[in-house]
Amino acid sequence: MAFVERWFQTIRTRTVAFVAIVMAVMVTAVSCSGGGNVADNAGVAPELVADYIHTVLAADRTAYTKHVVNRVATLEGKAKEDGVLPIEATEGWQQTDGIPLPAQMFRLGSEIANESGYFTYNLISPWYINDNHAPKGEFEERAVQEMIDTGEPVKEYQEIGDQTYFSAMYPDKAVAEACVSCHNTHPVHLERYPDKQFVMDEVMGGIVINIPLQGA
Ligand code: HEC
């Protein structure tokens, strides 16, 4: 009997020690991850986080435009002389077995990323073709005008309900002739904004990034 009791005692002691180790690991993991909020707990300013995110978004968008869309044989119904890929980049890509336009590719990515809960991002413009890209809420409506007037990003904290966000809007400029010609001749654009003709380097819209802050 004494042996069995000692045996139980050993198991109990080991179990308690094991549970203690598991709890210590969990506490360390939680404190190191900062409870899931990168922007304020890890000590990186939200402004810098927004700049990092924007750098990646803009780089991916440019790389897709330059190295994929620019190389297609057909761009929205028009043959491209320098096109080497036997495919069409078109707004109706799902119906025609083509590939998405850069703005559509951007939105497809944002729909996936926005589900992560870390932050959200969207493309907006006062001259939107797609209704999803209309400026929404007080910040976007005001900031879009300021960004177009100055050509500079607009960044600020905003409260929505009881949540504080750091929001940043970065200009999306007409960097290629194709941006201007495609938008200026798009049937929706012509119908909605008959007096608006984009020119090179003009701000055509903006990329908005919203980062929710914890305990701010
Ligand atoms: C071949 C046509 C085409 C080209 C080239 C093109 N766009 Fe677009 N763009 C569109 C269409 C169509 C949409 C709406 C897409 C959607 O349904 O999300 C759009 C959306 C946008 C939006 C969001 C507002 C809106 O209209 O819905 C911005 C901003 C924008 N484009 C800027 C640019 C810039 C800058 C370039 C050049 C780097 C460019 N576009 C090149 C057709 C084009």
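The values are calculated or read from the model by the stated rules, or taken from the named source; none is laboratory data. Note that the coordinates shown come from a computational prediction; the quantities given were computed from them, not determined experimentally. Cβ sites come from the backbone with ideal geometry, for glycine too, and all protein chains shown count toward neighbours. Note: accessible area is taken over every heavy atom of the protein model, side chains too, but ligands, DNA and RNA are not part of it. Shrake-Rupley method; radii C 1.70, N 1.55, O 1.52, S 1.80 Å.
Each part reduced to its alpha carbon centroid, the stretch 143-216 and the stretch 60-103 end up 23 Å apart.
When the trypsin sites (Lys or Arg not before Pro) in the stretch 125-191 are filtered for DSSP coil states and for at most 16 other beta-carbon atoms within 10 Å of their beta-carbon, the remaining sites are Lys136. For Val69, the accessible area of its heavy atoms, probed at 1.4 Å with every protein chain present, is near 10 square angstrom. Remark: accessible surface ordering of His67, His133 (largest first) is His67, His133, probe radius 1.4 Å. Accessible surface area normalised per residue over the stretch 39-213 is 56 Å², counting heavy atoms of protein chains with a 1.4 Å rolling probe. If you take all other residues with their beta carbon under 13 Å from the beta carbon of Ala58, and give Lys and Arg +1 and Asp and Glu -1, the sum is 0. Our coupling estimate for the stretch 99-113, obtained by passing each phi through the Karplus curve with A = 6.51, B = -1.76, C = 1.60 and θ = phi - 60°, is 10, x, 6, x, 5, 6, 4, 4, 5, 4, x, 5, 4, 6, 5 Hz, Gly and Pro reported as x. Is the stretch 39-213 rounded, prolate or oblate when judged by the Cα gyration tensor, a ≥ b ≥ c being the square roots of its eigenvalues, rounded requiring a/c under 1.5 and prolate requiring a/b larger than b/c? Because a/c hits 1.5 or more and a/b exceeds b/c, the stretch 39-213 counts as prolate.
First compute the accessible area of the stretch 39-213 with a 1.4 Å probe, then give the percent of it belonging to carbon and sulfur atoms. Whole-percent figure for carbon plus sulfur exposure: 55.
Ranking of Leu190, Leu75, Leu123 by solvent-accessible surface, largest first: Leu190, Leu75, Leu123 (1.4 Å probe, protein heavy atoms only, all chains present).
Taking Lys and Arg as +1 and Asp and Glu as -1, the other residues whose beta-carbon sits under 14 Å from that of Arg71 total -1.
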